[in-house]
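Q: Attaching a single structure in structure tokens format; questions to follow.
The values are calculated or read from the model by the stated rules, or taken from the named source; none is laboratory data. Model, not experiment: these values are computed from the prediction. Neighbour counts are summed over all protein chains in view; Cβ atoms, including those assigned to glycine, are modelled from backbone coordinates with ideal geometry. In case anyone asks, the SASA skips ligands and DNA or RNA and just uses the protein heavy atoms, side chains included. Shrake-Rupley method; radii C 1.70, N 1.55, O 1.52, S 1.80 Å.
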Amino acid sequence: MSGALARLYNERVLPFLTAVSCSDRSTGRWREQALGDVSGDVLEVGFANGTNLLHYPRSVRRVYAVEPSDVAWRRARRRIERFGRPVERIGLDGAVLALPDASVDAVVSAYTLCTIPDLQAALHEMRRVLRPGGSVHFLEHGLAPDAEVAARQHRITPRWKKIAGGCHLDRDIPALVEDAGFNLSDLESFYLPGPAFARPWGWFMIGRAEPMP
């Protein structure tokens, strides 16, 4: 894919495909579970078109959004208006957050930790901006526990990244979160229903983590 064509695909086509594949119709029940006890000032890394706004409880006061796609941000406008609480776009890359230390009560990521190029830097930034008692809430997919499925994920990922915005099928998200200095206080992992050939794309997890002392 040429440079110009790749930019067109990433800027115009990919946000639409992502919105369809991660729509509230297909993922809403898991978002509800992941976000049900979020409150206060929230940093959302990978805001996309604002689907999570449909699931934040009233206890959320404000959302700081990190979103690299201008197309996705424009598509989120109506949801932001309906949300009725402040939503501010603060940057394009979770690895560098334009927020002071200890400035948010919760960090949220839904289908984003798989794509951030420098995930360790982003996780350390999340830890930096969390207030004491704060937590990270995530809904992600990643490296499967079954050796055969994991081997397929490793083989597929280099090609998959090129068409899926840098998405890694083979990131061990819970282990990476722990390596960044968090304690996993809650984790549920599962395969999505479907045929066996789809399992490299189907290992999902809903988790919560707090910074270690």
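Q: Please state the relative contact order of the chain as a whole percent: Cα pairs under 8 Å, 6+ residues apart? Working shown, then result.
A: On the way: 399 pairs, mean separation 37.7, N = 213.
This gives 18 percent for the chain.
Q: Continuing with the same structure: Using the Cα centre as the reference, give the magnitude of the dipole from point charges on the C-beta atoms of region 118-213 (Lys, Arg: +1; Asp, Glu: -1; all else neutral), rounded to the nearest 20 debye. Kindly include the intermediate steps, with their values, before the conclusion.
A: Numbers: 11 positive and 12 negative charges, 83 e Å.
It works out to roughly 400 debye.
Q: Counting only the heavy atoms of the protein chains, how much of residue 185 is accessible to a 1.4 Å probe, in Å² to the nearest 10?
A: Result for residue 185: roughly 70 Å² accessible.
Q: If you place +1 on the Cβ of every Lys and Arg and -1 on the Cβ of every Asp and Glu, how big does the dipole about the Cα centre of region 60-189 come out, in debye to the nearest 20?
A: Computed about the Cα centre, the dipole is about 820 debye.
Q: What percentage of the solvent-accessible surface of region 28-124, computed with a 1.4 Å probe over protein heavy atoms, is contributed by carbon and sulfur atoms?
A: Carbon and sulfur: 49 percent of the exposed surface of region 28-124.
Q: Moving on. In what sequence, largest accessible area first, do 54, 43 appear using a 1.4 Å probe?
A: 54, 43
Q: Compute log10 of I(q)/I(0) for region 84-135 with the Debye formula, placing one identical point scatterer on every Cα and leaving out solvent, at q = 0.13, 0.15, 0.24, 0.30 Å⁻¹, to two decimals.
A: Debye curve over Cα of region 84-135, log10 I(q)/I(0) at q = 0.13, 0.15, 0.24, 0.30 Å⁻¹: -0.31, -0.41, -1.02, -1.33.
Q: Could I ask something else about it? With a 1.4 Å probe and all protein chains left in place, how much accessible area per residue does the chain have, in Å²?
A: In whole numbers, the chain has 50 Å² accessible per residue.
Q: Please report, as a whole percent, how much of the solvent-accessible surface of region 134-213 comes from carbon and sulfur atoms (probe radius 1.4 Å).
A: Values: 2240 of 3870 Å².
Carbon and sulfur together cover 58 percent of it.
Q: Distances longer than 24 Å among the Cα atoms of the chain: what percent of all pairs is that?
A: Result for the distance tail: 40 percent.
Q: Along each of the three principal axes of the Cα atoms of region 128-213, give the extent in whole Å, ordering the values from largest to smallest.
A: 43, 26, 18
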